[in-house]
Each structure stands twice: as structure tokens, then as C-alpha cells.
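The values are calculated or read from the model by the stated rules, or taken from the named source; none is laboratory data. Fair warning: this is a prediction, and the values are worked out from it, not measured in the lab. Backbone-built Cβ (ideal geometry, glycine too); neighbour counts: all protein chains shown.
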Ligand SMILES: [Fe+2]
Ligand SMILES: [Fe+2]
């Protein structure tokens, strides 16, 4: 059947496979590949099934992409080809509209998509410094993510930005002059570090919002609740995630004096936020964007644990919100030692809210004393271990609430005179003093450690890392003055403290390069070394910036007030925070945050769809050693991405380098996070991966996280055991049972019976020829001593003769 | 008690005690698996897909609506078949628990599709009429309905050979052909959507439905294999056995005819008819082999390679897509 291609101008032509094959060959240009014919043939074969009878040229481009994409798990080369094809599709459409980067910037400004100030820079000069060859650093998953979500689109949702234009646009929104811009452009376009998602979206655009996180506090009054509802709505609108402390709100049944009525507790108020967030999420680029923090001694804690349940009264459920517990040491101690837990109403015990450490413990004992002597109206005494186990069950079941440690966060507060730290943020990596009058804001960026390995892969390239971190401090500090603040409280906090959040991704990938297994003491040592280096470098740079631009305002105020802080002046109160980097690690094509590889092959669900992710380091190593083939690929897949039990690899590679998340004991995961936390002035957001078998050890695991000094934990992933039928691999569900095959076997059996009879006759005839009828008859009548194995043929059978 | 066969006539007083040494341990196992797989549609943020739904082009929308329409009524059809059809003739308590677990899951599924209907403000009447107006879709359901109506309300005697064959046939039609072939065809349409980044939260739910349905399929396979083991004389009837095989192959034909009307000369979500044809044949061969038949089409590989994403461990960006990796148990 002749297929037809419909061209862009509407004319039709016969479909020619030859043309298509040439186009695929063109994708291989410049790559040094010995078996290019085989690769092109494979793609063409996939395509042949895909192409329908009538197809447009645009569709055809897309089908080529899909055909290549399907082959990605087979070899690294297909990832490169898919990226090239996608890039071709993106660039072709943009080239029809814009002759140059400058054209694009001017168009963007005219359309009010980009900031007018961008025109003040020497755009021709910047354009000369764009290096399109860096496109090849971005892998297919990364490029797809960029295309779907990050590259600027016009009012008709058509992409108007090439990947390198995107990096340059982001840099122009941050740098104060051409030199700074190029410094930042070179770093981010080489994927040496990346800013957080809101910065990548909005830098240089008319939506001037760079920050990822806000952390606010709700006071115990209707006015405050409604104020914060409004603030949250605006913060969420500009794609920021909001952390909110609700501990001050009085508990269910608490007296409201102005009304002479009883309070309905925290849940109905939290529900308001759920509704707001859900309304704003519609059409948004990210899902849930708020987390509620509660301290576990609050009387409404039980209902709080249930907020993310999916059944029950929907009025008490908040599917669009996240939740987290802000856990004091004294309560962890009680859980550990099996002492009872007392719950109170913050309206009666306000001193528990902001106190921490020993002071909290003192107040807590006082409250218990008051309760037991009848001086409190509302309180409850419960079994602390039973409570903690119930909490852990909810965590495993609903993913919430996360566990964060109040005293760990507060004991490292660099500005205790400013305020306590009331809670962390949406991803639990923020640790900034805040109050109902001052909403913490944090602007994040993360180093890609995998791009900081020295040439012979023996160590981190420390000089390069220093250069990157210094660039980041400068860039993030710049942003604070360019950022749009959706509320007065958030502007105030930033101007007072100038907090930065420098984090890290690609730690696990870097370890593989250095030949250090994630599950080893050496990895823990390396973590500590890197964290210390990051802190020392960032602090030095911030101190230098203070000389040029001044120290943060609150520092100067304390100095003036005669209560100076005991550290040298620096530009920023805090500088480091390790975020989960879920999206930007995809763009950078590396492992997220400080996590290990999730698996050697797995699928990842994102806003752009579902992607298959392969541990490229493993594929590369196996390929180099000639061990990579489809059989091995299938084996790895059938083992859920693990290579630990694959015989063929034994002795050929260092298997321990490629352990997957669930194969690394949670204690080790915690140890590594704790090593980073030692030097990270804000927090490390750490998800834990727990194998189903260890599920009943969750109590010990989370106790260990506390004892090791983590400030924050995040999601708890438990390996799910019930899976669907495998699509690609055949599984024998029938076992040895025969089912309808029984019939087949019977037919065969009766056939072979016939065969046997036939064979016997033949032998008998031969025997008659050879030995004569007499002997044969004797044998048949059994008069001759019978052969033990076959009475009939004893004398004839060669073995008996 | 132990003399009872897999299917037969029992009183309500029979078999109301569980034992730690079940007669059909595989069904105890399947019950536990189904229990672990339980989920609720509220766990998914389906409303996140509203804008996506509005952006589907007419062919895409038609495919989506048809798939939803087909599932919406088929889920409860499966439940009817179980409840009215062969549940009454099951004898063993664990087997019954496994099949009632399936029945409960069908509630969840129809609930899930109901929520989709409401969330996207789809025309209820039109959606439910899809299986009446599309002759081929209707035939897919009628195939099952005809066979099951022949055995309900005592019309088939589970103690007679003839009755056993009839019951076996309806298990085949329901759990293997409907849940293991027709549903699998529609699953592929949904997964193709997610592959191009559309309707992701709905498809997350379908991923959960897939896990459930593959367990239901196992319920069916185990039931059929057990009945044959206990009554090998069933396969003495060569015509009956050939008939079963033909039924499966005819069902594939029927499904292919349907797919042709949808995908004919075009691709939807990047998938073509030819790919789906190979895929259906690949799945059908699996079903044949699972029942002990030789494969018919001998397709060596699943051509829809994007489905390998369903085979491996999954990591979800929590803030973007509903996660399907949490367990309620
Ligand atoms: Fe179902
Ligand atoms: Fe089912």
C-alpha cells in the first residue's frame, strides 16, 4: 500500500523510506560510530510499523522521535539520537521566526514576556558568546523536560526559546553586567550548577519571581488566619511553595473569650488552605504547594495525622496539602524511653510554642505538673510509643506527615535575637528564623557535583568547585534585590537576613566516577569533606561580599544595639540548604540531591509524561567492557533494576558501585545525610528508601535519624511488592500444569503408541529376514529365556546378544 | 468437606471456617495480593487533568471517551458476571474471598471512572451509550453476556460435565477475554496518552487498574486450570477444546476490527493500528499459552515498547503527578 506524505504547504507526495533513512543518517553526523547501518536499520524497522497511510511531515518528524525513543533502553546512542531529533524539531520552528538571539529578546520584550531592562545589555556581545555545542550535554529526558516546561513560550504557547537562549535569558535576569552574565551563563549552560525551578522559569521575564520557598507563621487569631490565607494565595500564585506553622492555633474545644464559644480546632482552618491551594493549582505547572507544620504536643495532633488519609469525612481531609511534624527532643526522648506523651492546648500553654531545647523541656515539665494538679482545662496523656508507631504507619501509608526536628533546626540558628525558627518549608531543607511579621524566603541553586570531577577521575576538581560556589553566592545574592516579593512580610525577612540556599545534586554519580560505593564509609567521609568545603567556600565569599556590599541588615542592627553576633560580618545569614532537586537534576541529567541511584533502570513519572531512566554510568561501563547486550539489559530489567544477583557480571565490574536505593540500608542513607548536615547551615532534605522487609523496623530507623542529628527527613518510600503483569517479559503463570494442553499431550501420546507398534512390526520383519521365522516365533512365544529388559526381543536385541 | 470440588453445589452452612492448610493455597495468596493492592480513586488528583482534557484534539478525545465509556459499563459487567454467574457455584472459602476481593475492586474501578466522568463534565448519557451505539464495542460485551446468561439462576448444573464446561466458558470470557484481552487493549490507549504527557493523573489510576486486572486475570487462569485438573474428562471433548481456542482467536479478530475503526489510517498519541495489531496478537498468544494452548500468532516481541515503562520500578515527582507507589496495607 502506497503511503502518502502531506507537506507543510498542503501538497502531497509518495512516502519514501529512502528519504527517511537519509534523515536518520543525518542525525548521526559527527558521531564516531562503527555500526551506523545497524542503528539506522533498527530505527527504520520501528518506524515502519508506526507510519500510517497518510502522514504530515510534522507528524513524521515526531514519529521518528518516538521510534528512536523506544530504543533508548537498548543503547546510549539512542539517547543521543533522540535528543538530536528533538532539538531539530524545536530549532526548526524557531528558525522560521527568529534570525538571531537578539531578534528573540526584542520580540519577547515587545510582547511583554521579557523584562525591558534586558535591552540595556550588549546583546550582540552576549550572542557572540553563546555556545550551541553545549546542547549536546543535555540528554533526552532533560531536553524533553526543558521543552515542556522551561523554554519560554509565546502567547499562543509556541516555544520561542532555544535551549542556549534559555540559559542566556536566565543569566541576563541575574547578572548585573555582561561579565557576570557570561560567568553565570557558562556555568549553567555547562550544567555545572542550576538555579531552582522558579528562577529558571521566571528569571528575565516579566514574572519577576525567583524564589522557591516561603515559610510563614499563623497566629492564634481569625485575623491572622485570614491574612495568611491571602499571603499564601499570592505566594502560591507565583509558583512558590509555602511552609506554614499552625501550632499556635488553639485546639478543638478551647474557649474563645471574645465570643464565649468553643473553638473548632485547627483542622477546619487548615481546610481553608487546602481549598485555596487547590483552586490555584488548576492549570499550574506544579502540584501541591503548601505544607502545614504542627508540633506533636498539640491536642489536635491525631486529626492532623489523618489529613492525608483518602477515606473518611472529606471535610477533615486535605488532599492538596502536605503535612509535617515539628518534633522536639523531649518528645523523641519520651518515645525512646517509653514515657507518656502529654498533649496540650497552645492557648493554655503558649510557652511551648517558641521555646526549644532545655527551655522547652523545662516548660513541658511545668505543663505536666499543672495538668496533673488540675490547673489546666484541657490536656491528654497518651502512650508515646503507641503514638509514634501510629504516626509511622500514616507516613508509610499516605506519605505524610514528614518528620522534622525542632531542636536540631533551632540549635544552629545564627540569628536567635531575630526570632526562633518556627518551621521548615515545602521540601524540608529551609531553616530560617521567622515570625508572624516576617515570612522567610529562600532562593535556591544546586551544584552538579558530577561536573566537578578532575580529569583522571581520582578526586573532586576542588578549584572548579570553588569557582562554581563563588559564582552561586554572587548570583543568588544578586537575585535577592531583583526578586518580586508577594508580601511585605516576605520582603522584610529577606532584607533583614538575605538568606541563600546553595545545595547539591549528582553526589551519587560523582561517587561512581570516583569508584566509591555509596554504601561505604568512604562515601560518608567524602560527604563530610564536600559539605565542609562548600561551607568554607560559601562563607568566605559571603564575607568578601559583605566588604563590598555590606553585611545583612539584622547583623548590623545587633552590632549597633551593642549585642553583636560572635562571627565576622557576612552578606548572608545562612547560605546552604540541600533541596531534593527533583526537576533540575533531570535537566542536568544526573542523580538527584545526595540520593543514591534509585535503580539501574526505572520509570519516572513527571509533568512531561513517563520516562525510562537508565543508569548511564553502568551502561557505559558494561559497554566499554563488551558486556552490554540485550540479554543483560533484560536481566537487569527483570531483577527490578538490580545487578547484585546477575552471575555474568561477577568479577567483571564492581557491583557494589551500582546498588539501588532499596539495596542500601536506611542507616547508611541516614549516615550520609548526617555527614552533610554537619556543615550545612540550613537543612538537608532526606527521603528514605525502605525495603518492604524493613518496614517493621521503621521505629528504629527514624529513631536513628534523630540520634544521628538530622534536621529533616522527607518522603518515606517503601518498595511496593504487588505489581501488575509484566508487559515485555513473559511470566509462566501456568507452572507445570497442562490446562488445555492436556488434550494435545493425549493426542501425541496415542500417536506415539501407534508409532511404537509400527516400529515393532518393522523390527520383527527384519528379524525374520536375519534369523529366520523359527527363532522369532520361539522368542514371541516366550520359550527362550527372556531378556530382562525386553522379553520379546531378547535374542535379537544387539545389547543382549 | 475436602471431598468438595472447585465448583459444585453447597449450602450456606458449608465452608464457613478458614483453615491454615487451605485446599487451594494459590487463592489465599491471590486474596492477600488483592488486599495489598487496594486503592481509592480519591488518592489521585484527577482534576489536574481537566485542562489536558480540554486540549485533546477530536480524534484523541474520541479515543479517550470511548475507552472511558467502555470501562465505565464493563467494570460493573464484570461484577455482575462474578456475582450472578459463577460465584454461587464456588465452594472453597479462600476461593470465594479471592473472587469477592475482585468484586470489591470492580466497585473501585467503576467509582474511578465515575469520578472521571464527573470531573471532566462528560456527557453521562453519551458515555454510557458508547457501548450501545458502537456496534463492535457492543459485540465485545454481548459476547460475554450471552454466555453468562446461559448459566445464571441454576441454568447450569455445576455437578454435570456439561455444566462445568459452560461455567468454564464464562470464566474464560469474563476473566481472560474481557479482563485479559479487551481491557489490555484499552490500557494501551491510556498508557500511550501518558507517554506523550497527557492525562497523566487519570493514567496513574489506570496503572492501578492494570495491577488489579492482572490479578483478576490470574484468578481466572487459576480457576480454569484447577477445573481442568479436577475434571480431566473436559478435554476429552476435542470439539469443546477447539471451540475454546477459537473463541479466543475470534475475540482477537473482534478487537482488531474495533481498533481498525479507531486507528485506521492514522496515529493517535503516536500509536498506529499496525502496532496495536501486533500488540493484541502478542497478548493473545500469552493468554493461549497460559491456558496450555500453543501460540497462534507467534509475535516475538511486544511492539509497544513504551509499555516497558510499566514493567520497572517507578519514581514519581510528587508535586507533579499522583503517586501510585504507596500501599494501604
Ligand atoms: Fe476492573
Ligand atoms: Fe477486573
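Of the residues that sit in region B:1-58 and are part of a loop (DSSP other than H, G, I, E, B) and closer than 29 Å to residue A:321 by Cα, which one is nearest to the other protein chains (Cβ to nearest Cβ)? Out of the qualifying residues, it is B:40.
Restricting attention to region A:222-246, which residues are more than 26 Å from the chain's Cα centre (by Cα) and crowded, with 24+ Cβ neighbours inside 10 Å? The answer is A:228, A:246. Checked across region A:443-460, the condition of being surrounded by fewer than 18 Cβ atoms within 10 Å (Cβ to Cβ), free of Cβ contacts under 8 Å to residues at least 12 places away in the same chain, assigned to a loop (DSSP other than H, G, I, E, B) and out of contact with any strand residue (DSSP E or B) (no Cβ under 8 Å at 6 or more places or on another chain) holds for at least one residue. Here is the figure for region B:189-205: residues that are assigned to a loop (DSSP other than H, G, I, E, B) and modelled with pLDDT of 90 or more total 1. Taken over region B:244-259, the criterion of being touching a helix residue (DSSP H, G or I) at 6+ places or on another chain (Cβ under 8 Å) and either surrounded by fewer than 14 Cβ atoms within 10 Å (Cβ to Cβ) or closer than 13 Å to residue B:165 by Cα (or both) is satisfied by B:244, B:257. Checking each residue of region B:287-300 against the condition of being without any contact (Cβ under 8 Å) to a residue 24 or more places away in the chain, part of a helix (DSSP H, G or I) and more than 9 Å from every other protein chain (Cβ to nearest Cβ) gives no match.
Kindly indicate which of B:227, B:176, B:144 is away from ligand 1 (no atom under 16 Å from the Cβ) and touching a helix residue (DSSP H, G or I) at 6+ places or on another chain (Cβ under 7 Å). Can you show your working first?
Values: B:176 fails: away from ligand 1 (no atom under 16 Å from the Cβ); B:144 fails: away from ligand 1 (no atom under 16 Å from the Cβ).
Result of the check over B:227, B:176, B:144: B:227.
The residues of region A:61-77 that are more than 8 Å from chain B (Cβ to nearest Cβ), surrounded by fewer than 22 Cβ atoms within 10 Å (Cβ to Cβ) and over 27 Å from the mean Cα position of the chain (by Cα) amount to a single one, A:61. Entry remark, region A:352-386: residues being under 38 Å from the mean Cα position of the chain (by Cα) and either surrounded by fewer than 20 Cβ atoms within 10 Å (Cβ to Cβ) or not in a helix (DSSP H, G or I) (or both) number 11 in total. In region A:566-620, how many are within 14 Å of chain B (Cβ to nearest Cβ), on the phi > 0 side of the Ramachandran plot and either modelled with pLDDT of 90 or more or under 12 Å from the mean Cα position of the chain (by Cα) (or both)? Number satisfying all stated conditions: 2. Within region B:165-188, being away from ligand 2 (no atom under 16 Å from the Cβ) and more than 14 Å from chain A (Cβ to nearest Cβ) holds for B:166, B:167.
Evaluate the following for residue A:500: is it crowded, with 24+ Cβ neighbours inside 10 Å and under 25 Å from residue A:432 (Cα atoms)?
Values: crowded, with 24+ Cβ neighbours inside 10 Å: yes; under 25 Å from residue A:432 (Cα atoms): yes.
Yes, satisfied.
The lone criterion from (1) assigned to a helix (DSSP H, G or I); (2) over 15 Å from the mean Cα position of the chain (by Cα) left unmet by residue A:563 is number (1). The set of residues from region B:189-213 being free of Cβ contacts under 8 Å to residues at least 24 places away in the same chain and within 13 Å of ligand 2 (Cβ to nearest atom) comprises just one member, B:206. For region B:202-213, a tally of residues being out of contact with any helix residue (DSSP H, G or I) (no Cβ under 7 Å at 6 or more places or on another chain) and either within 11 Å of ligand 1 (Cβ to nearest atom) or more than 9 Å from chain A (Cβ to nearest Cβ) (or both) returns 1. Do we find a residue being away from chain B (no Cβ under 14 Å), outside any helix (DSSP H, G or I), more than 20 Å from residue A:140 (Cα to Cα) and at pLDDT below 90 anywhere in region A:621-637? For region A:621-637, residues away from chain B (no Cβ under 14 Å), outside any helix (DSSP H, G or I), more than 20 Å from residue A:140 (Cα to Cα) and at pLDDT below 90: present. Output the number of the condition that residue A:267 fails; it satisfies all remaining conditions of (1) away from every other protein chain (no Cβ under 14 Å); (2) crowded, with 19+ Cβ neighbours inside 10 Å; (3) under 29 Å from residue A:202 (Cβ atoms). Looking at each condition in turn, residue A:267 falls short on (3). Has region B:284-293 got any residue that is more than 18 Å from the chain's Cα centre (by Cα) and either under 30 Å from residue B:98 (Cα atoms) or surrounded by fewer than 22 Cβ atoms within 10 Å (Cβ to Cβ) (or both)? Yes, because at least one residue in region B:284-293 is more than 18 Å from the chain's Cα centre (by Cα) and either under 30 Å from residue B:98 (Cα atoms) or surrounded by fewer than 22 Cβ atoms within 10 Å (Cβ to Cβ) (or both). Residue count for region B:95-124 under the criterion of being surrounded by fewer than 22 Cβ atoms within 10 Å (Cβ to Cβ), within 21 Å of residue B:12 (Cβ to Cβ) and away from ligand 1 (no atom under 16 Å from the Cβ): the result is 2.
Please pick out the residue among B:33, B:23, B:61 that is in contact (Cβ under 8 Å) with a residue 40 or more places away in the chain and away from ligand 2 (no atom under 16 Å from the Cβ). Don't jump to the end; show me each part of the working.
Working: B:33 fails: away from ligand 2 (no atom under 16 Å from the Cβ); B:61 fails: in contact (Cβ under 8 Å) with a residue 40 or more places away in the chain.
Among B:33, B:23, B:61, only B:23 is in contact (Cβ under 8 Å) with a residue 40 or more places away in the chain and away from ligand 2 (no atom under 16 Å from the Cβ).
Quick check: is even one residue across region B:75-83 at pLDDT 95 or above and within 16 Å of ligand 1 (Cβ to nearest atom)? So far as region B:75-83 goes, no, none of its residues is at pLDDT 95 or above and within 16 Å of ligand 1 (Cβ to nearest atom). Scanning region A:172-184 for residues that are crowded, with 22+ Cβ neighbours inside 10 Å and in a helix (DSSP H, G or I) turns up A:172, A:181, A:184.
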